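The values are calculated or read from the model by the stated rules, or taken from the named source; none is laboratory data. Remember, predicted model here, so these are calculated numbers, not experimental data. So basically every Cβ, Gly included, is an ideal-geometry build from the backbone, and we count neighbours across all protein chains shown. Heavy atoms of the whole protein, side chains included, go into the accessibility calculation; ligands, DNA and RNA do not. Shrake-Rupley method; radii C 1.70, N 1.55, O 1.52, S 1.80 Å.
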Amino acid sequence: MWSLTRKARNPLRLKMPMHDPVLGIDTSNYRTSAAAYDPTSGEYCNRGRLLDVPEGAIGLRQSEALFQHTLRLHELIGQLPALRGWRAVGVSTRPRAVEGSYMPCFLAGENVARSAAHLLGVPLFACSHQQGHLAAAALSAGRLELLDKEFLAWHLSGGTSELLHVSPGADGLPFAERIGGTTDLSAGQLIDRCGRLLGLAFPAGAALDKLQQRCSAPVKPFRPKVKGCAFSLSGMQNQVEALAKKGAPAEAVARFALETICSAVADATEQALSRSPLPVLCAGGVMSCSLLRERLPQRFDCAFADVELSGDNAVGAALLAARQLAAAPGLG
């Protein structure tokens, strides 16, 4: 039996056994994650831990991230239920499924995944971190059917702010083509820099969101120019700093930054929808922001990952491995 199980369409925590589970592993630059996923029931157990970042720092060097993943991944796998009948192992091995996409931190997860697959005698399936985000978002939003058709998606996180056109790939994985997003500073970077300015710990997303909820007075956001579904956020840091220097309350500064991101994301999405009226899926840690989850549906129909699976997680890697296993002749 098990301690932490979630169902795609049900946010309640359940206690029930898993059958023929798939192991998922993800070692991003922000979080170490391990997951078990049951493709029959849709149940999953996700275990994750943020990497430790020194006070005052924004992010980590790759060498330090790799060290922390190596140190702690086995602990998280050990927190998964002691299950039998493992069918496959899925792991994220790079940030995006494009040529040249590489970060050393993913080696920690890949090495453990290859060893686990060998010892269990099961196949190993690799995906990108971004593909895992899309799969986890579709699962937790109750929209798994999206993975078999075309849709638009946002991957909005600490290092990535991309608007994607997604279609089923020949390899069974979602094929994501970037069609818009930021041209420089990511939304997550802006949030973390704003958070540091206000004395918040890294990563600052959750704390900044909580702070902006205390803002009762209207705040007029800056509206970045959006052209061809793309926009720049590089000038926003100066505007946030200027607002703070003028003595604006911290909650107003937080609201200003997040309202600006909301405005840019919504305008870019509407430009994309005018050309391709497709379903919209919202993934990535920044998409757990309550303001985005409130404002975007006011302008267009969209589906969000639940808060737990908005951030970095291993559930998406496990889900995609299960899908590839089912499609592989003689394996599924």
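Tally the residues that are in contact (Cβ under 8 Å) with a residue 60 or more places away in the chain and either touching an Asp or Glu at 6+ places or on another chain (Cβ under 8 Å) or not small (Gly, Ala, Ser) (or both), restricting the search to region 89-105.
Of all residues in region 89-105, those in contact (Cβ under 8 Å) with a residue 60 or more places away in the chain come to 89-92, 95-97, 103, 105.
Checking the rest, the ones that are also either touching an Asp or Glu at 6+ places or on another chain (Cβ under 8 Å) or not small (Gly, Ala, Ser) (or both) come to 89, 91-92, 95-96, 103, 105.
The number of residues fulfilling the criteria is 7.
Residues to consider are Gly100, Gly158; find the one that is touching a helix residue (DSSP H, G or I) at 6+ places or on another chain (Cβ under 7 Å) and of a type outside the set (Ser, Thr, Tyr).
Numbers: Gly100 fails: touching a helix residue (DSSP H, G or I) at 6+ places or on another chain (Cβ under 7 Å).
From the options Gly100, Gly158, the qualifying one is Gly158.
Considering only residues of region 209-242 that are among the hydrophobic types (A, V, I, L, M, F, W, C) and open to solvent by 50 Å² or more (accessible area, probe 1.4 Å), which is nearest to Gly285 (Cα to Cα)? Don't jump to the end; show me each part of the working.
Restricting attention to region 209-242, the residues satisfying the condition of being among the hydrophobic types (A, V, I, L, M, F, W, C) are 211, 215, 217, 219, 222, 226, 229-231, 233, 236, 240, 242.
Adding the requirement that they be open to solvent by 50 Å² or more (accessible area, probe 1.4 Å) leaves 217, 222.
Numbers: Ala217: 27, Phe222: 22 Å.
So the residue we want is Phe222.
Any idea which of (1) touching a helix residue (DSSP H, G or I) at 6+ places or on another chain (Cβ under 8 Å); (2) open to solvent by 10 Å² or more (accessible area, probe 1.4 Å) is the one Val91 doesn't satisfy?
Among (1) touching a helix residue (DSSP H, G or I) at 6+ places or on another chain (Cβ under 8 Å); (2) open to solvent by 10 Å² or more (accessible area, probe 1.4 Å), the lone unmet condition for Val91 is (2).
Check off (1) in contact with a strand residue (DSSP E or B) (Cβ under 8 Å, 6 or more places away or on another chain); (2) open to solvent by less than 50 Å² (accessible area, probe 1.4 Å) for Pro104 and give me the number that stays unchecked.
Here Pro104 meets the rest and fails (1).
Just to verify a result, which residue in region 313-326, among those that are open to solvent by 20 Å² or more (accessible area, probe 1.4 Å) and not basic (Lys, Arg), is farthest from Val112 (Cα to Cα)? Don't jump to the end; show me each part of the working.
Looking only at region 313-326, we keep the residues that are open to solvent by 20 Å² or more (accessible area, probe 1.4 Å), and these are 323-324, 326.
Still in the list and also not basic (Lys, Arg): 324, 326.
Numbers: Gln324: 20, Ala326: 23 Å.
Filtering region 313-326 for residues that are open to solvent by 20 Å² or more (accessible area, probe 1.4 Å) and not basic (Lys, Arg), the one farthest from Val112 (Cα to Cα) comes out as Ala326.
Quick one: count up the residues across region 259-278 that are more than 17 Å from Gly181 (Cβ to Cβ) and either in contact (Cβ under 8 Å) with a residue 60 or more places away in the chain or surrounded by fewer than 18 Cβ atoms within 10 Å (Cβ to Cβ) (or both).
Taking region 259-278 and keeping what is more than 17 Å from Gly181 (Cβ to Cβ), we get 259, 277.
Still in the running and either in contact (Cβ under 8 Å) with a residue 60 or more places away in the chain or surrounded by fewer than 18 Cβ atoms within 10 Å (Cβ to Cβ) (or both): 277.
Residues that pass the stated criteria total 1.
Can you tell me which residue in region 88-105 is nearest to Ala36 (Cα to Cα), limited to those that are charged (D, E, K, R) and either at pLDDT 95 or above or in a strand (DSSP E or B) (or both)? Let's see the steps before the verdict.
The initial filter retains those residues of region 88-105 that are charged (D, E, K, R), namely 94, 96, 99.
Now restrict to residues that are either at pLDDT 95 or above or in a strand (DSSP E or B) (or both): 94, 96.
Working: Arg94: 20, Arg96: 22 Å.
Selected residue: Arg94.
Looking at region 21-63, which of the residues that are under 23 Å from Trp86 (Cα atoms) and of a type in the set (Val, Ile, Thr) is surrounded by the fewest Cβ atoms within 10 Å (Cβ to Cβ)?
Per the criteria, the residue is Thr40.
Pull up region 50-74, narrow it to residues that are closer than 25 Å to Leu23 by Cα and either of a type in the set (Ser, Thr, Tyr) or not in a helix (DSSP H, G or I) (or both), then point me to the one that is nearest to the chain's Cα centre (by Cα).
Leu50
Whether any residue in region 78-87 is over 15 Å from the mean Cα position of the chain (by Cα) and in a helix (DSSP H, G or I) is what I want to check. Can you show your working first?
Kept after step one, since they are over 15 Å from the mean Cα position of the chain (by Cα), are these residues of region 78-87: 78-87.
From what is left, the residues that are in a helix (DSSP H, G or I) are 78.
Looking through region 78-87, at least one residue is over 15 Å from the mean Cα position of the chain (by Cα) and in a helix (DSSP H, G or I).
Of all residues in region 167-197 being of a type in the set (A, V, I, L, M) and farther than 28 Å from Leu208 by Cβ, which is surrounded by the most Cβ atoms within 10 Å (Cβ to Cβ)? Reasoning before the result, please.
Step one: list which residues in region 167-197 are of a type in the set (A, V, I, L, M), which gives 170, 173, 176, 179, 185, 187, 190-191, 197.
Filter once more, keeping what is farther than 28 Å from Leu208 by Cβ: 170, 173.
Details: Ala170: 6, Leu173: 21.
The residue in question is Leu173.
Quick one: count up the residues across region 158-181 that are among the hydroxyl-bearing types (Ser, Thr, Tyr) and either modelled with pLDDT of 95 or more or farther than 26 Å from Arg31 by Cα (or both).
Step one: list which residues in region 158-181 are among the hydroxyl-bearing types (Ser, Thr, Tyr), which gives 160-161, 167.
After this cut, where a residue has to be either modelled with pLDDT of 95 or more or farther than 26 Å from Arg31 by Cα (or both) as well, the list is 161, 167.
The total comes to 2.
For Ala283, state whether it is within 25 Å of the chain's Cα centre (by Cα), in contact (Cβ under 8 Å) with a residue 40 or more places away in the chain and crowded, with 22+ Cβ neighbours inside 10 Å. Explain how you work it out, then say what you get.
Values: within 25 Å of the chain's Cα centre (by Cα): yes; in contact (Cβ under 8 Å) with a residue 40 or more places away in the chain: yes; crowded, with 22+ Cβ neighbours inside 10 Å: yes.
Yes: the conditions hold for Ala283.
Based on what the data block shows, is Leu320 under 16 Å from Gly142 (Cα atoms) and aliphatic (A, V, I, L, M)?
Details: under 16 Å from Gly142 (Cα atoms): yes; aliphatic (A, V, I, L, M): yes.
So Leu320 passes the test.
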